[in-house]
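A.B. asks: Got a structure for you, written out below as structure tokens; questions coming shortly.
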Amino acid sequence: MRTSSRWCTLALALACGLAAASPARAQQKEPYREGFWIGFGLGWGSASISCSECTSNKRWGSEAITIHLGGMLNKQLLLGGELNACSRDKSGLVETVGDMSAVLYYYPSVTGTLFLKGGVGVVVYDANTSPKLESGGLGINVGVGIDLYVGRKFSLTPYASFVTALGGNLKVGGTDTGVGVRPNLFQVGVAATWH
């Protein structure tokens with residue numbers, strides 16, 4: 001098992017343990033969800049590029065980040081923006097898959113901390129080859145998570161998300177090749193979230 005994968009598993013276990021032991025969570029009857037919120041997450045991502053002329057679509061994994069922020073619409077709906085990215089360096093070849101999306105978070109229960117999310121945005125792929133390879137297209141972002149409060153306005157948030165492009169063409173050195181590509185990214189991690 002790679003060190004990064006072990007770190008992600010340890011971080012998830014630590015988040016669950018801290019939340020379970022937190023006296024603030026036991027005293028809080030309803031989760032604090034008002035006004036502005038922001039979060040930063042680290043975890044593990046698994047990315048792939050599928051294309052109309054590819055012979056192989058091998059997945060690769062590496063560390064991944066997420067940044068999300070927005071505002072409350074009500075006690076069960078949050079509207080915001082989200083950035084996800086996963087990048088790897090393999091013998092000098094740096095590849096990145098990521099997205100920037102408008103996302104709606106839905107809490108099925110007013111008193112619960114489990115959420116579902118969905119959104120749309122731009123999903124991109126970039127490689128530092130010469131000439132440079134890149135693509136970008138409309139995509140979707142879906143996921144699930146749970147806010148584990150360790151204070152009245154702060155939570156550790158284990159999450160899982162999947163983003164995929166719905167279309168887009170590969171560009172080589174800025175020139176559109178006409179080859180359709182669909183980058184996608186699955187990631188798990190833990191975010192520090194301020195509500």
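A.B. asks: Considering amide H positions built from the backbone, and no H for Pro or chain starts, which residues 5 or more places from ARG33, or on another chain, come under 5 Å of its amide H?
C.D. replies: For ARG33, no residues qualify.
A.B. asks: So, one more: Mind jotting down the distance between the C-alpha centroids of the stretch 139-157 and the stretch 75-101, whole Å?
C.D. replies: 16 Å
A.B. asks: What are the residues whose amide H is under 5 Å from the amide H of GLY168, where those residues sit 5 or more places off or on another chain and H is modelled from the backbone?
C.D. replies: Counting only residues 5 or more places away or on other chains, the set is VAL181.
A.B. asks: Excluding residues fewer than 8 places away in the same chain, name every one of the aspartates and glutamates whose C-alpha is closer than 12 Å to that of LYS117.
C.D. replies: Hits, sequence-local ones excluded: GLU82.
A.B. asks: Ordered by residue, what ³J(HN,Hα) values in Hz, to whole numbers, does the stretch 65-78 give under the Karplus form 6.51 cos²θ - 1.76 cosθ + 1.60, where θ = phi - 60° and Gly and Pro are x?
C.D. replies: Per-residue couplings from phi come out as 10, 9, 10, 9, 7, x, x, 7, 8, 7, 5, 10, 10, 10 Hz.
A.B. asks: Hey, another quick one. Cut-off under 17 Å on the C-alpha distance; same-chain residues fewer than 8 positions from LYS132 excluded. Which aspartates and glutamates are left, in chain and number order?
C.D. replies: ASP89, GLU95, ASP176
A.B. asks: LEU83 to GLU30: FRET efficiency via 1/(1 + (r/R0)^6), r the Cβ-Cβ distance, R0 25 Å, to the nearest 0.05? Provide the component values of the computation, followed by the final result.
C.D. replies: On the way: r = 29 Å, r/R0 = 1.16.
So, using R0 = 25 Å, E works out to roughly 0.30.
Read-outs: derived from the displayed coordinates by stated rules, not from any lab. These numbers were taken from a predicted model, which means no experiment stands behind them. Every residue, glycine as well, gets a Cβ built from its backbone with ideal geometry; the counts of neighbours run over all protein chains shown.
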